[in-house]
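Structure first, then comments.
The values are calculated or read from the model by the stated rules, or taken from the named source; none is laboratory data. None of these values were measured; they are calculated from a predicted model. As a convention, Cβ positions derive from the backbone with ideal geometry for all residues, glycine included, and neighbour counts pool all protein chains shown.
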Amino acid sequence: MKKKAQTLPKKLGDEFDLTYIETLSEQERRAATFYEYARHSGPIKDLIMELRKEGIFSGSGREASPELFKKLLPKMTSGILKGDELIFLTNCTDFPDQPFRLTAEYRNLFGSGTQSFGIKAPCFFPWKAVDAFRSDWRSKGLNEAEMLAKAGWYPVYLPWGNYTDEEITEMLGERIGSLRPSHAPEPKRPGRKGSSKSLGTLDMVRQLKAYRLHATCCDRPPRLYQSEKGWNQAIRAAEKRIEGMMERPFFGSS
């Protein structure tokens, strides 16, 4: 007798319907994937609740308490957590209760901030934040000049009153070559027939779906994973990724 296919309640169906992520751009996939995984991480959820409670990233100008700052600093200086990731989750008011597809912020949060979501990209720090990093390095006996050079941080003066955005951008471009350190030569990009290295977000999403199905005692869907071995490996991969969200960068090395 043919086994009857399992039918999931609508609420559970919303949790497993991650196919919409496939239609997103790569940067949007990273944001959506990070959001969905973070919903399973107790430490991440606790941290976001603390950030909301203290009004951090809310535009109020409030600063983190010494206790919260002490918790955040080593995670951010090591690249484990990135500012765009924290701002993204903090501003998603339905996190962690709703799947990202059902949040009020879906699509509205996608913009210039997600172009480099989850990976290193040029960014600007207020001088006060740089001072905090320098204090942390001094407390660990690290050389400030070496750490600044290693991190690729430079003080930048922007003469807003004298030049247009386009002119400032052009001037910065002229300086980039002279600032690049010898230990970090310019990477070569693939030609037209080449392809850039994928972050594997779609594989990560499939693994998360297997993890959620397994957690609700559902059988392995053959269309998702053909073998029991692949199914079990996917579940474990998602588990390890969730467990390590506060211990290592979510999208590989920082």
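Points to keep in mind about this one:
- Single residue of 213, 208 found to be within 26 Å of the chain's Cα centre (by Cα), at pLDDT 90 or above and either loosely packed, with under 14 Cβ neighbours inside 10 Å or more than 30 Å from residue 78 (Cβ to Cβ) (or both): 213
- Residue 103 falls short of the stated requirement of being hydroxyl-bearing (Ser, Thr, Tyr), under 25 Å from residue 251 (Cα atoms), assigned by TED's automatic domain parsing to the domain that holds residue 245 and modelled with pLDDT under 70.
- Residues located in the stretch 122-177, provided they are modelled with pLDDT under 80 and at positive phi: 152
- Boolean, residue 43 is over 29 Å from residue 148 (Cα atoms), surrounded by fewer than 16 Cβ atoms within 10 Å (Cβ to Cβ) and either of a type outside the set (Phe, Trp, Tyr) or at pLDDT below 90 (or both): yes
- Close pairs from the stretch 76-93: first assigned by TED's automatic domain parsing to the domain that holds residue 52 and of a type in the set (D, E, K, R), partner part of a helix (DSSP H, G or I) and surrounded by fewer than 17 Cβ atoms within 10 Å (Cβ to Cβ), Cβ under 7 Å, at least 6 apart: 84/113
- Some residue of the stretch 227-237 being assigned by TED's automatic domain parsing to the domain that holds residue 38, modelled with pLDDT of 90 or more and of a type in the set (Asp, Glu): yes
- Among residues of the stretch 73-86 being in a helix (DSSP H, G or I) and under 10 Å from the mean Cα position of the chain (by Cα), the one that is surrounded by the most Cβ atoms within 10 Å (Cβ to Cβ) is 85.
- Per the conditions (1) at pLDDT below 90; (2) within 30 Å of residue 19 (Cβ to Cβ); (3) in contact with a Phe, Trp or Tyr (Cβ under 8 Å, 6 or more places away or on another chain), the sole criterion not satisfied by residue 219 is (3).
- Residue match in the stretch 22-32 (condition: at pLDDT 90 or above and either among the small types (Gly, Ala, Ser) or surrounded by 14 or more Cβ atoms within 10 Å (Cβ to Cβ) (or both)): yes
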